[in-house]
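A short worksheet on the structure shown next.
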Amino acid sequence: MYRKGKIKNIHFVGIGGSGMSGIAEVLLNLGYHISGSDLKETEVTRRLQALGCEIHYGHRRENVKEADVVVVSSAIRPGNPEVEVAEERHIPIIPRAEMLAELMRMKVGIAIAGTHGKTTTTSLIATVLAAGGLDPTVVIGGRLNSLGSNARLGQGEFLVAEADESDGSFLKLMPTIAVVTNIDADHLDYYKGIEEIKETFLEFLHKIPFFGLAVVCLDHPNIQSLIPKLKKRFTTYGLTAQADFQAEEIEFEGLSTSFDVLFQRRRLGRLSLRMPGLHNVYNSLATVATAFELDLPFRTVQEALAEFSGIQRRFQIKGEKRGILIVDDYGHHPVEIIATLKAAKTGWKRRLVVVFQPHRYTRTKALFNEFLTAFYDAEVLILTEIYPAGEERIEGVEARALFDGIRESGHRDVTYLPEKKEIVEHLLKILRPGDMVITLGAGDIWQVADELVERLE
C-alpha cells in the first residue's frame with residue numbers, strides 16, 4: 001500500500017508533550033524513524049527512547065539531522081533553532097494537530113473535545129472499542145493505566161483521539177464521530193471570550209460528514225445554546241429526561257460509582273465504574289452514546305467500564321499511609337476543581353486537605369474570580385506559586401493575590417507556601433489519620449504527593 005511515499009524520518013520539536021508523544025509513538029509503530037527534542041528528560045521521553053525514538057534534550061539546530069518532516073508543538077515559541085533550520089532547508093513543518101489530522105485520514109475518526117473530561121472520555125471510548133474487538137488506534141492526552149502509554153496503534157478501522165481546543169487547531173480534524181463533553185471559558189489568551197469559544201466548537205461539530213454523528217452533553221448550558229444551530233445529525237446525553245442517553249439512580253461510595261442508563265426512557269442496564277464523581281457519570285454516558293452508534297452491545301460497555309483502571313493524574317490514588325489517603329489530580333480549571341472536590345466529598349467521609357498549584361498566568365488572570373470560590377469543599381487549602389508552563393510573568397498576577405482573595409471570600413483555613421519544598425513539611429505537621437490529601441494542578445505538583453507518600457512510610 002502506498003502510504004509512506006519517500007518520507008522516512010520525522011522529527012518532533014517538543015516530543016515530550018502529551019499530544020506530541022502519542023502521535024510520535026503511533027508513527028514509530030507505522031514504521032517511520034522518529035527523532036525528537038524536549039527541554040528535559042521525563043518518564044514520557046524515556047519510554048519513547050526505549051521504544052526506539054532518538055531523543056535529544058535541549059533545542060539545537062543539529063538535532064534536525066536528516067528529517068524529511070518536522071512536527072511542531074503549539075508550545076514551541078518563535079525563534080526555535082530547530083524550526084529555523086527546517087525553514088532554511090525547506091523541510092515541511094507540520095503543526096501537531098495537522099499531523100493528528102493526517103493520521104485520522106487513514107482511519108474512521110472519533111474525536112473527543114470539551115473544556116473538561118476529554119482525556120477520560122477518550123480513554124473510556126478507546127477501552128470500550130478495544131473490548132468490542134474493534135482494535136482502535138488511540139491518541140490521548142494522558143497515560144492510560146491499562147496501556148502504560150497515551151497511544152496505541154491498532155489494526156482496526158477506528159482512530160480515537162483527544163481534540164485540543166486550546167488554540168483552535170482541532171478544527172483541522174475531520175472526524176466521523178465528534179464528541180463535545182462541555183464548553184466553558186478557558187484559554188482566554190487565544191479566544192476573545194465564551195461566544196467565540198462556542199462558535200469554534202460549533203464549527204468543530206460541523207466537520208463531521210453527512211453520515212457522521214455529533215455526541216453532546218444536553219445538561220451543559222453552553223451546549224444547549226448551540227443545539228438549535230447544529231446542522232448535522234446528533235445525539236444527546238445527560239441527567240435530564242430530555243437527553244437521549246440518561247443516568248438515573250446514581251450511587252457513590254469511595255472510588256465506586258454506579259447508575260442506571262436509559263436510552264430514550266428505555267432502561268439499558270446498570271453501569272459500575274471504579275472512578276468517583278458526577279463528572280465521570282457524564283463521561284461514561286458519552287461513551288455509551290458512542291458505542292451505541294457503533295452497534296456495540298451494552299454488555300460490552302458494562303464489562304469494559306467495570307474493568308477500566310483509570311488514567312494517570314485523574315483522581316489517582318497514590319497511597320494510604322498512617323490512615324491518610326493521598327490522591328493526585330490534574331484539575332486546574334475552577335470547574336474541574338469543584339467537580340474533583342465534590343467527588344471526594346460524596347465518595348469519602350474524610351477531612352479534605354487540598355494542595356493547589358495554579359497553572360499559567362493567563363488562566364489565573366482570566367479566571368481569578370472563579371478560583372476564589374472553587375475550594376469551599378476543602379477544609380484545609382494550601383496554595384503554592386503559579387506554574388508558568390513557559391509563559392512570561394504578568395504584572396500583578398501572582399498566587400499571593402489569589403491567596404488573599406480566597407481568604408477574603410470566606411475560606412476559613414488557607415495557607416500560602418510559595419516554595420514547593422515547604423509543603424510536605426507543613427503537611428506532616430497538620431495531617432491526622434482519616435484525612436484525604438489531594439494535590440491539584442496541571443504542573444509538577446504531583447511531586448508533592450509522591451514525596452508525601454515516601455515520608456509517611
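The values are calculated or read from the model by the stated rules, or taken from the named source; none is laboratory data. Model, not experiment: these values are computed from the prediction. FYI the Cβ positions are ideal-geometry reconstructions off the backbone, even for glycines, and counts take in every protein chain you see.
Return the residues of the stretch 60-80 that are within 29 Å of the chain's Cα centre (by Cα) and part of a loop (DSSP other than H, G, I, E, B); say none if nothing qualifies.
Let us first name the residues in the stretch 60-80 that are within 29 Å of the chain's Cα centre (by Cα), namely 69-80.
SER73, SER74, ALA75, ILE76, ARG77, PRO78, GLY79, ASN80 - these are the residues of the stretch 60-80 that are within 29 Å of the chain's Cα centre (by Cα) and part of a loop (DSSP other than H, G, I, E, B).
Determine if the stretch 198-205 includes at least one residue that is touching a residue at least 40 places away in the same chain (Cβ under 8 Å) and buried (at least 17 other Cβ atoms within 10 Å of the Cβ). Before the answer, list the steps.
Initial filter on the stretch 198-205 (touching a residue at least 40 places away in the same chain (Cβ under 8 Å)): 201, 204.
Subset that is buried (at least 17 other Cβ atoms within 10 Å of the Cβ): 201, 204.
Yes, the stretch 198-205 contains at least one residue that is touching a residue at least 40 places away in the same chain (Cβ under 8 Å) and buried (at least 17 other Cβ atoms within 10 Å of the Cβ).
Write out, first by first residue and then by second, each pair whose Cβ atoms fall under 9 Å of each other, whose residues are 6+ apart or on separate chains, and whose first residue, in the stretch 416-443, is touching a residue at least 24 places away in the same chain (Cβ under 8 Å) and on the phi > 0 side of the Ramachandran plot while the second is assigned to a loop (DSSP other than H, G, I, E, B) and small (Gly, Ala, Ser).
Between residues of the stretch 416-443 that are touching a residue at least 24 places away in the same chain (Cβ under 8 Å) and on the phi > 0 side of the Ramachandran plot and residues that are assigned to a loop (DSSP other than H, G, I, E, B) and small (Gly, Ala, Ser), the close pairs are GLY434/GLY323; GLY441/GLY331.
Results for (1) under 24 Å from GLY142 (Cα atoms); (2) crowded, with 17+ Cβ neighbours inside 10 Å; (3) of a type in the set (A, V, I, L, M), shown as yes or no for each residue.
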| site | (1), (2), (3) |
| --- | --- |
| ILE15 | yes, yes, yes |
| GLY22 | yes, yes, no |
| VAL26 | yes, yes, yes |
| TYR57 | yes, no, no |
| PRO81 | no, no, no |
| HIS90 | no, no, no |
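Considering only the stretch 278-294, I want to know if a residue exists there that is surrounded by 14 or more Cβ atoms within 10 Å (Cβ to Cβ) and either in a strand (DSSP E or B) or among the charged types (D, E, K, R) (or both). Spell out the reasoning first.
Narrowing the stretch 278-294 to residues surrounded by 14 or more Cβ atoms within 10 Å (Cβ to Cβ): 278-294.
Filter again for either in a strand (DSSP E or B) or among the charged types (D, E, K, R) (or both), leaving 293.
For the stretch 278-294, residues surrounded by 14 or more Cβ atoms within 10 Å (Cβ to Cβ) and either in a strand (DSSP E or B) or among the charged types (D, E, K, R) (or both): present.
Within the stretch 235-257, track down each residue that is assigned to a strand (DSSP E or B) and surrounded by fewer than 16 Cβ atoms within 10 Å (Cβ to Cβ). So that I can check it myself, show each step before the final result.
At the first step, the residues of the stretch 235-257 found to be assigned to a strand (DSSP E or B) are 235-238, 245-253, 256-257.
Hits for the stretch 235-257 are GLU248, GLU249, ILE250, GLU251, GLU253, SER256.
Select from the stretch 163-178 the residues that are surrounded by fewer than 21 Cβ atoms within 10 Å (Cβ to Cβ) and among the aliphatic types (A, V, I, L, M) and list them in ascending order.
LEU171, MET174
When you go through ILE15, ILE55, ILE23 one by one, which is the residue that is at negative phi and either in the same structural domain as GLY142 (by TED's automatic domain parsing) or part of a helix (DSSP H, G or I) (or both)? Give the steps one after another, and end with the answer.
On the way: ILE15 fails: either in the same structural domain as GLY142 (by TED's automatic domain parsing) or part of a helix (DSSP H, G or I) (or both); ILE55 fails: either in the same structural domain as GLY142 (by TED's automatic domain parsing) or part of a helix (DSSP H, G or I) (or both).
Result of the check over ILE15, ILE55, ILE23: ILE23.
Inside the stretch 295-309, can you point out the residues that are among the small types (Gly, Ala, Ser) and either within 26 Å of GLY434 (Cα to Cα) or surrounded by 16 or more Cβ atoms within 10 Å (Cβ to Cβ) (or both)?
The answer is ALA304, SER309.
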